[in-house]
Structures are given as C-alpha cells and as structure tokens.
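The values are calculated or read from the model by the stated rules, or taken from the named source; none is laboratory data. Worth saying up front: this structure is predicted, and the values here are computed from it rather than measured. No Cβ is skipped: glycine too gets one built from the backbone with ideal geometry, and neighbour counts run over all protein chains shown.
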Amino acid sequence: MKQATIIGSGLVGSLWALYLAKAGYKVQIFEKRADMRLMQMSAGKSINLATSYRGWKALDEVGIGDEIRKIAIPMYGRTIHQLDSTKAYQPYGNIGQAIFSVSRGEINAKLMSIAETNLDTKIHFNEECVNVDLENGITFLKNTQTGVLSECKSDVVFATDGAFSAARYAGMQRLDKFNFSQNYIPDGYREILLPANADGTYKLEKETLHIWPRGRFMLIALPNFDGSFTCTLFMPFEGHEFCFNELKNKEDVQSFFKIVFPDFYKLMPNVADSWENHPLSSLAIIRCFPWTHGKLALMGDAAHATVPFFGQGMNCGFEDCSVLFSLMRKHHENWSEIFKEFEKIRKPNGDAVQDLSLQNYIVMRDKVSDPAYQLQQKIERRISELFPNQYFPLYGMVSFTDIEYKVALEKGNEQSEIIADFIKTHSISESTPLEEIDKLIHHLFDKSPAIK
C-alpha cells in the first residue's frame, strides 16, 4: 500500500490526510502537541477564521463541506463602529454572498475526527519532528513525553506544521540555495472574549463581522454559536499614542477602551478583568522557496504563512490541497513532476495572498471609515450588480471565486485606479442619482476593456 507521512495535524494537515486517503494512501500524521480534542476549548481560544469560496471548494471536494457548515456562521458584510458610537453596514458582495465565521479549534477538531474515520489514517500525538531525510522520505521523531526516538519511512512526506515548521527548519533550511525570510509586522494582537447576554443572546448583530477602525489600529469581532464574540485587538507594540506597551495595568486598559472604543466598553465594562486571559502575540509573514525537495513538500503556513487581515490563511492552505490533488491526477502520482508544478504555480499565489493581507489591513483599520473609499465601494458594488458575470471587485475575486490570488491582486488594483478616475472625472458623489450613475457605468463598461 502507498505510504504518506504528514507532519502536523493542524487544519491543512488534517484536510490533506482526507485527500490522500481518497487516493488510496496509508497516512501517518505526527503531531507535536497533545490531542486538542481531549482538552476543554474556549470559543475565544484563538482568532476565529473566515471560510470563503476557496475553502468550501476544497472541503466539498472530499465531501465534508456540509459537516463543517454545521459549525460555521455566515457573515454577509462588515459593521463599522465609529468613535462616536455610530454604525454603518457594508456588504461583502452581492445578495446572498457571505464569508463564514468558524472557531479554529472546532474546525481543527472536526477535521481530525473525520480524517481518523479512515482506518488507514492514524494521528500520533506528542511526536516532535526533529529531522527529515529528504531523499529517502524518512521522518525522525522524538516523543515529547517519553523522549523515545523513532523514525517513519514513506513514499512521500508533507510538512503542514505551521509558520515555524520544524520540518522546514530541519529538512529544508539547511539546503544550499534555499531562500527564506521571516518578517514581523510592527503590530501585535490580543484576543478578548465578549460573552453572550445572560439569556444567551448576542450583544451585537450576529451575521456580520464587526470592525472598530481607528486609523493605525483596529478591533474586530466574529460571532460564535454560544452567543459570544471572539474579539481581536490589532495594535502597534510601541511608538504610537495607543500601543500595547503603554497598557501596563487594569486602569490603563479600562481608560483605553473608554476613550477609543466607547460602545464596546459599554458592552463589556469589565474588559480590563479579561485582558490577561489571552496572551499578547506577534504576527509574521514567512516566505521561502523552493517548497519541495526530494520526497518532501511544504504546504499551508509552512510554505506561505501570512497575517490574518484578508481571512485567507486557511483558505489558501485548503486551496493548496485542492491544487495538489488535481496535480496528482494530472501527473498520475509522479511526485517529482507534481512537486515541480505545485511550487511553480502556487508560490506566486502564496506571495500574492501575503500582499493582499497587508493591503487589506490598511483597508480595515483606516479606509473603511473614509467617505471616499465608501463611495468607491458603492460604485464597485453597483457595477457588480449590473454586470455580475463580467465584473468582480477585488474582495469578491478573493473571497467568492477561485481566480488566482496573483491575478486578483493585479486586476483588483488596476480596477481600483479606473474606478477612482471614473468618480473624479464625472464628479460623482453620494448625492448623485442612481439613474445617472447607472448610465455612466454602462458607458464606462462599453468603452473600457480593462474594467472587465
């Protein structure tokens, strides 16, 4: 029987095990941590994830999309909370289009359990990867509880062990001509769990992503099934009027929320008491190449870890699985050819999703409350409504199609420039009648091939 080793039982590793099992492989998964399913998980344990089209496509390909939908909450747009406590709603796409909030812990546990339903798939916990023989497909392991050393030989090995991948470090980063960079952004994040009301109802609107944009930083909130919201504050560590290093005690935290997020403070006046419940964490972008060597391939965050501001880290990793599986069929499981094409087509898209994520951070923390940006979004939505099969805004291309990330980035930025010029040329404002806007849009669409 064909043998495959997966290092890391996270989101991508567990999903990839299902694909490999479908192709007839016996799969051994080695995970450094203990079995997370045996631990009590809090709804706000880690940043909630947003599942969008690419993720659902990969999940549906192995027949488990509906199982995951049971633990996902649709979010049809973003609700902007201004400093004066006023709110504004911005839809993500056309009617019915949504991204879905899901707990990282819940979806990971669900994927692991589904993977283990295959008798030829086994997850080994407390097993740390200490080295990989790339040419011979041997993974060297150390049990974190007993210290016992072991090894596993297989036909092919996949590193899905995250941004700080041990398999990448031990097996790839020692290679000649291996390019690697690890860049931290100046902002960190801290999570806060906004509990449900006493009767279990939500304190905020449920089917929307909430954003408190504050120019240089922001707070976001995503819904959980128990009525709570997983909230995340992204902010500079230092060097700003408001930064993590200046919040030294409960009084500082309380004052900060009163001044900067007054409506949130009213919802959670004890926010300072919960401040230390989750650690202050940093955010890094990992870029490397090549992604494959010998019998080893990097996937997901091990290959292209990004910051979470477009909600595409998981979706991109799941798309890795879908693309790699299609290449398995195309090249009849000739892994040398599969790996060669996989890294060639996915590396530019891994880079693009990182660029998109950084770009969208500026949008979320600053531009969403800018009237000029809001007008541009309004025009783009209207074009999309009038020409739904021909025009896709950048957000729509990324979240509601499987257009390559690199194409979406290039096309989206090009379209943005055209729309901005269109608004300026015709002096369009919020008060411009819709009929006039529609007439101008039809003329633009007929005359500008670049907009399509």
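Do you know which of the residues in segment 321-340 that are in contact (Cβ under 8 Å) with a residue 24 or more places away in the chain and in a helix (DSSP H, G or I) is surrounded by the fewest Cβ atoms within 10 Å (Cβ to Cβ)?
Step one: of segment 321-340, the residues in contact (Cβ under 8 Å) with a residue 24 or more places away in the chain are 321-322, 324-325, 328, 333, 335, 339-340.
So of that shortlist, the ones also in a helix (DSSP H, G or I) come out as 321-322, 324-325, 328, 335, 339-340.
Working: C321: 27, S322: 20, L324: 20, F325: 20, M328: 19, W335: 18, F339: 22, K340: 15.
Filtering first and then ranking leaves K340.
Here is a yes/no grid of residues against (1) without any contact (Cβ under 8 Å) to a residue 24 or more places away in the chain; (2) crowded, with 16+ Cβ neighbours inside 10 Å; (3) in contact with a helix residue (DSSP H, G or I) (Cβ under 7 Å, 6 or more places away or on another chain); (4) not charged (D, E, K, R):
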| residue | (1), (2), (3), (4) |
| --- | --- |
| G8 | no, yes, no, yes |
| G55 | no, yes, yes, yes |
| D60 | yes, no, no, no |
| D66 | yes, no, no, no |
| G96 | yes, no, no, yes |
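Exactly one condition in (1) surrounded by 13 or more Cβ atoms within 10 Å (Cβ to Cβ); (2) closer than 24 Å to E319 by Cβ is not met by P388; state its number.
It fails just one condition, (1).
Of everything in segment 245-269 that's in contact (Cβ under 8 Å) with a residue 60 or more places away in the chain and in a loop (DSSP other than H, G, I, E, B), which residue is nearest to the chain's Cα centre (by Cα)?
The qualifying residue nearest to the chain's Cα centre (by Cα) is F261.
Residues that are more than 25 Å from the chain's Cα centre (by Cα): list the helices (runs of 4 or more DSSP H) wholly contained in segment 367-429 that include at least 1 such residues. Talk me through it step by step, then tell me what you get.
Values: elements: 371-386, 394-400, 405-425.
Output list reads 371-386, 405-425.
Restricting to segment 9-25, give me the number of residues that are within 19 Å of A166 (Cβ to Cβ) and part of a loop (DSSP other than H, G, I, E, B). Lay out the reasoning, then the answer.
Keep residues of segment 9-25 that are within 19 Å of A166 (Cβ to Cβ), which gives 9-14, 16-17.
If we keep only those that are part of a loop (DSSP other than H, G, I, E, B) too, we end up with 9-10.
Summing the residues that are within 19 Å of A166 (Cβ to Cβ) and part of a loop (DSSP other than H, G, I, E, B) in segment 9-25 gives 2.
Do you know which of the residues in segment 98-133 that are part of a helix (DSSP H, G or I) and of a type in the set (K, R) is farthest from the chain's Cα centre (by Cα)? Let's see the steps before the verdict.
Kept after step one, since they are part of a helix (DSSP H, G or I), are these residues of segment 98-133: 104-116.
Filter again for of a type in the set (K, R), leaving 104, 110.
Values: R104: 10, K110: 18 Å.
Applying the filter and picking the extreme gives K110.
Take segment 232-244 and flag every residue that is touching a Phe, Trp or Tyr at 6+ places or on another chain (Cβ under 6 Å) and outside any loop (DSSP other than H, G, I, E, B).
T232, F234, M235, F244
Return yes when F422 is closer than 28 Å to K87 by Cβ, touching a residue at least 24 places away in the same chain (Cβ under 8 Å) and touching a helix residue (DSSP H, G or I) at 6+ places or on another chain (Cβ under 6 Å) and no when it is not. Write out each step before concluding.
Details: closer than 28 Å to K87 by Cβ: no; touching a residue at least 24 places away in the same chain (Cβ under 8 Å): yes; touching a helix residue (DSSP H, G or I) at 6+ places or on another chain (Cβ under 6 Å): yes.
The answer is no for F422.
Consider segment 288-320. How many of its residues are within 16 Å of the chain's Cα centre (by Cα) and either outside any helix (DSSP H, G or I) or surrounded by fewer than 21 Cβ atoms within 10 Å (Cβ to Cβ) (or both)?
Residues flagged as within 16 Å of the chain's Cα centre (by Cα) and either outside any helix (DSSP H, G or I) or surrounded by fewer than 21 Cβ atoms within 10 Å (Cβ to Cβ) (or both) within segment 288-320 amount to 10.
When both residues are 6+ apart or on different chains and their Cβ atoms are under 6 Å apart, which pairs have a first residue that lies in segment 270-281 and is more than 10 Å from L233 (Cβ to Cβ), and a second that is surrounded by fewer than 16 Cβ atoms within 10 Å (Cβ to Cβ)?
A272/K250
Condition (residue is buried (at least 23 other Cβ atoms within 10 Å of the Cβ), modelled with pLDDT under 95 and closer than 25 Å to Y19 by Cβ) applied to segment 159-171: is it met by at least one residue?
Here is the first cut: in segment 159-171, the ones buried (at least 23 other Cβ atoms within 10 Å of the Cβ) are 159-161, 165, 167-168, 171.
From what's left, modelled with pLDDT under 95: 171.
Then keep just the ones that are closer than 25 Å to Y19 by Cβ; that gives 171.
So far as segment 159-171 goes, yes, one or more of its residues are buried (at least 23 other Cβ atoms within 10 Å of the Cβ), modelled with pLDDT under 95 and closer than 25 Å to Y19 by Cβ.
So is M36 at pLDDT below 95, within 30 Å of D133 (Cα to Cα) and in contact with an Asp or Glu (Cβ under 8 Å, 6 or more places away or on another chain) or not?
Considered against the rule, which asks whether it is at pLDDT below 95, within 30 Å of D133 (Cα to Cα) and in contact with an Asp or Glu (Cβ under 8 Å, 6 or more places away or on another chain), M36 comes out as no.
Given the criteria over 19 Å from F309 (Cα atoms) and within 21 Å of the chain's Cα centre (by Cα), does K206 qualify?
Values: over 19 Å from F309 (Cα atoms): yes; within 21 Å of the chain's Cα centre (by Cα): yes.
Judged against the criteria, K206 is a match.
Return yes or no: is Q28 in contact with a strand residue (DSSP E or B) (Cβ under 9 Å, 6 or more places away or on another chain) and either modelled with pLDDT of 95 or more or part of a helix (DSSP H, G or I) (or both)?
Working: in contact with a strand residue (DSSP E or B) (Cβ under 9 Å, 6 or more places away or on another chain): yes; either modelled with pLDDT of 95 or more or part of a helix (DSSP H, G or I) (or both): yes.
The answer is yes for Q28.
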